[in-house]
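To start, the structure itself, in structure tokens.
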Amino acid sequence: MSIHSIKTTLLLIALLGFLSACQQANESSIHDKQFQALKLFPQGKAFSGFQLTSKEGQHWQADDFKGNYSLVFFGFTNCPDICPTTLLDMQKIDKKLTDQGLQKPRFVFVSVDSDRDTPAVMKEYIGFFNPEFVGLSGDAPNILSLASQLGVAYKVADHQPGDLIYDVDHSAALFLIDPKGERIGLFSAPHDINQITADLAQLMESA
């Protein structure tokens, strides 16, 4: 091996070591922070292998979660209480961050009701809260794929095609995804708007 090849190899090893150290330092710095409401998982969890549809009718995959923090809530548009209450909470958090001139996460609402919640239905529903929020829907297998990887619990009651009335049970937790596209934590219900806003502000400042 030539001297030039040896130098190149050593340089690549050093660069990989530096990048790995930076990643570990970033993860450590997040876990060193004191959060009021955010519950961090011991380590981030990547996810993949699904395809949903945005309320604008565009495909949405795992890579679309990358590049910014995402606050993700799973529910359905026919929900009588938890969903409108939680989306109002997300609306208030968004406004508080905006009023403080702070960077904001991506707010995402994922429907677990594949039969009733089409992209058009999602777009109209989310428009009541904030039309800038991301709304995602899809078929049952793809919804289950994402939800199971994130650790989201839900149950859609047995029903026949075309049924308009049936029960859907789901969690009220808000799941947090980091800019690398990894699930790193969650905000359990009931939600304290001020605490969640403060925790998100901490994260956004360090992003």
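The values are calculated or read from the model by the stated rules, or taken from the named source; none is laboratory data. Source: prediction; values computed, not measured. Cβ coordinates were reconstructed from backbone atoms using ideal geometry, including for glycine residues, and neighbour counts include every protein chain displayed.
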Count of region 124-139 residues which are touching a Ser or Thr at 6+ places or on another chain (Cβ under 9 Å) and of a type outside the set (S, T, N, Q): 8
Complete set of residues in region 116-153 that are more than 17 Å from residue 48 (Cα to Cα), touching a helix residue (DSSP H, G or I) at 6+ places or on another chain (Cβ under 9 Å) and surrounded by 18 or more Cβ atoms within 10 Å (Cβ to Cβ): 117, 125, 126, 129, 133, 134, 135
Search result, residues across region 156-179 that are surrounded by 14 or more Cβ atoms within 10 Å (Cβ to Cβ) and of a type outside the set (Phe, Trp, Tyr): 156, 159, 168, 170, 171, 172, 173, 174, 176, 177, 178, 179
Test: residue 163 is assigned to a loop (DSSP other than H, G, I, E, B), free of Cβ contacts under 8 Å to residues at least 24 places away in the same chain and of a type in the set (Asp, Glu): no
Meets criteria (touching a residue at least 40 places away in the same chain (Cβ under 8 Å), more than 19 Å from residue 52 (Cβ to Cβ) and in the same structural domain as residue 179 (by TED's automatic domain parsing)) for residue 102: yes
All positions within region 62-95 that are touching a Phe, Trp or Tyr at 6+ places or on another chain (Cβ under 7 Å) and over 21 Å from residue 187 (Cβ atoms): 62, 77
The one condition in (1) of a type in the set (A, V, I, L, M, F, W, C); (2) outside any helix (DSSP H, G or I); (3) at pLDDT 95 or above that residue 1 fails to fulfil: (3)
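Rundown of residues vs (1) at pLDDT 95 or above; (2) over 30 Å from residue 68 (Cβ atoms); (3) of a type in the set (Val, Ile, Thr); (4) assigned by TED's automatic domain parsing to the domain that holds residue 74, yes/no style:
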| site | (1), (2), (3), (4) |
| --- | --- |
| 136 | yes, no, no, yes |
| 139 | yes, no, no, yes |
| 143 | yes, no, yes, yes |
| 148 | yes, no, no, yes |
| 160 | no, yes, no, yes |
| 163 | no, yes, no, yes |
| 166 | no, yes, no, yes |
| 174 | yes, no, no, yes |
Any strands (runs of 3 or more DSSP E) falling wholly within region 20-138 and containing at least 1 residues that are basic (Lys, Arg) and in contact with a Gly (Cβ under 9 Å, 6 or more places away or on another chain): 39-46, 106-111
Residues of region 32-61 that turn out to be of a type in the set (A, V, I, L, M) and more than 27 Å from residue 190 (Cα to Cα), as a count: 1
Subset of region 100-125 (residues that are modelled with pLDDT of 95 or more and farther than 21 Å from residue 156 by Cα): 104, 105, 106, 107, 123, 124
Checking residue 203 against (1) in a helix (DSSP H, G or I); (2) more than 17 Å from residue 103 (Cβ to Cβ); (3) modelled with pLDDT under 95, the condition it does not meet: (2)
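Being β-branched (Val, Ile, Thr) and under 29 Å from residue 195 (Cα atoms) is the filter; apply it to region 30-80 and report the residue that is modelled with the lowest pLDDT. If you could, list the steps in order and put the result at the bottom.
Narrowing region 30-80 to residues β-branched (Val, Ile, Thr): 30, 53, 72, 77.
If we keep only those that are under 29 Å from residue 195 (Cα atoms) too, we end up with 30, 72, 77.
On the way: 30: 82, 72: 98, 77: 97.
Residue satisfying both the conditions and the ranking: 30.
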